[in-house]
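The values are calculated or read from the model by the stated rules, or taken from the named source; none is laboratory data. Because the structure is predicted, anything quoted here is derived from the model rather than measured. Cβ coordinates were reconstructed from backbone atoms using ideal geometry, including for glycine residues, and neighbour counts include every protein chain displayed.
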Amino acid sequence: MQDVRLRTGVAVLLSAIAFLNLTGAAAAGIWCLVFARNLSLRRNARLFLSLAALVGFFAIVLAITGGDGVSYFIRMMVIVLIGAWVYSEQKKGEFLQLGVWLLGDKAGFDLGLVADMGMQAMDLLIADFEKIRLAEKLKQRPLSATGIVPGGIVLVNNALRRADDTAELLAVRGYCNGGLLCPVFKAPRRDVIASLLACCVAVIALIPVSEFFILYR
Amino acid sequence: MKLSLDGVVANRGEGDWSVQVHGTFTEGIHLVSGDVGSGKTTLALALAGLTAPVSGSVERDGITSSMLSFQFPEYHVTGLTVREECESWGVDPDTVLAATRLEGKEALSPVRLSRGELKRLHVACLLGKEYDFLILDEPFSSLDCREKERVCRDLSGRTQGITIIFTHEQMCFPRVDHIWEISCGKLEYRGRVPDALPLWQHAPKLVRNLLAAGKIPDNISPGDLVEAACRT
């Protein structure tokens, strides 16, 4: 989906209905399977499996404490899937364009800039994590809970250092707040149809089937 | 002991860029030079066996231990203090701290050191152990001239195993046995030093000037270059 406005809107809508109930999660999941191109799950398999393990852990805790762990796991995994789709389709500068389109040159520009920098930071965090993992492999260190701490410190430290550098760079270039940008979007017919179908999926998930089929009652 | 590469193609990222290798690394110190972005790190990862080549085969003969040093030393940090970091490499902390002038900082977190200090510590820990196969990716980055010379002296003292140095350094080198270059996506062997020097496209200006003056240095360490320059 090329248009970031449609993509973000669809992602928010589908995430909301996936979180609401199992029907919504199933409908959102089917929508993803049909329309979510460029899903790089294989390339980011380790990250996806880590998230699945994390969600699985909380689902088990929920099931033990009397909640519906299975439902929680399925709904959250669909949301993770939607997140993976948004992340894999995201291009640099898109959030900045979306922010300006949505909220204007002041608050919109700032929020868009923050969102774009956040996405960039995530890419760098993943690259850092991969290097740390390789370095630990070279040292032949066994996997342990205490071994994670130094790696975590390096990740946070690198992220803070980069944030400092970026802040200084923005200040040096005279950035105070806001900025001028003319957003340009491209919405092919396929994207519009996919978005409309996402709306239909939301309606189906929110309104019981019996409301559509009166004779069914 | 040797590392043979037969038609190896190493890819970076999405596979839209690659470097090809065909050759054998024997015991000694090998210098691989190339421009920034020419694929030195990609090749280093493939040689260390951390990334699988797209095609070709890598054969390790007699290599029982190997190590790769990344350009940025923080990735290697696995200790919560400088002392623990030294111990994680299996070297004596007191010896390393004295050699790197970091005494009094053993209780600090390694990430609290400046990048130059951390690089100093990292390289000293690395060279404090013997590896059959050692790959150094930009070992001189973040170091001042004094530290570069110290690292060069330590590296020149490595007499066993295969050592490969990937660098675009132009000022300070250890004594090396072989020179390779990455050019147009291919790793090319220039030969043994000093015979390789006239063929070395990335040779520093000082080396080129000495060659132009008919003074062929025995090697490329600062001492060898001074000796050649002062030769009458």
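Scan (1) within 12 Å of the chain's Cα centre (by Cα); (2) modelled with pLDDT of 95 or more for the single condition B:Thr167 breaks and write down its number. It is condition (2) that B:Thr167 fails.
Among the residues of region B:67-74, is any of a type in the set (Phe, Trp, Tyr), touching a residue at least 24 places away in the same chain (Cβ under 8 Å) and either in a strand (DSSP E or B) or over 19 Å from B:Glu169 (Cβ atoms) (or both)? For region B:67-74, residues of a type in the set (Phe, Trp, Tyr), touching a residue at least 24 places away in the same chain (Cβ under 8 Å) and either in a strand (DSSP E or B) or over 19 Å from B:Glu169 (Cβ atoms) (or both): absent. B:Leu113 falls short of the stated requirement of being of a type outside the set (Phe, Trp, Tyr) and in contact with an Asp or Glu (Cβ under 8 Å, 6 or more places away or on another chain). Applying the set (1) within 28 Å of A:Arg161 (Cα to Cα); (2) within 14 Å of chain A (Cβ to nearest Cβ); (3) buried (at least 18 other Cβ atoms within 10 Å of the Cβ) to B:Arg112 leaves exactly one unmet item: (3). For region A:131-183, the candidate set comprises residues that are within 14 Å of chain B (Cβ to nearest Cβ) and among the β-branched types (Val, Ile, Thr); within that set, the residue that is farthest from A:Gln97 (Cα to Cα) is A:Thr146.
Filtered by the rule that a residue be closer than 28 Å to A:Arg162 by Cβ, in a loop (DSSP other than H, G, I, E, B) and either of a type outside the set (S, T, N, Q) or within 12 Å of another protein chain (Cβ to nearest Cβ) (or both), region B:76-105 gives B:Val77, B:Thr78, B:Gly79, B:Leu80, B:Thr81, B:Trp89, B:Leu102, B:Lys105. Do we find that B:Arg120 is facing another protein chain (nearest Cβ under 10 Å), of a type outside the set (Asp, Glu) and under 21 Å from the mean Cα position of the chain (by Cα) in this structure? No: the conditions fail for B:Arg120. You will find that of B:Thr78, B:Thr95, the residue that is farther than 30 Å from A:Leu125 by Cβ and without any contact (Cβ under 8 Å) to a residue 40 or more places away in the chain is B:Thr95 and no other.
Residues of region B:29-43 include at least one that is modelled with pLDDT under 90, under 21 Å from B:Val176 (Cα atoms) and within 14 Å of another protein chain (Cβ to nearest Cβ).
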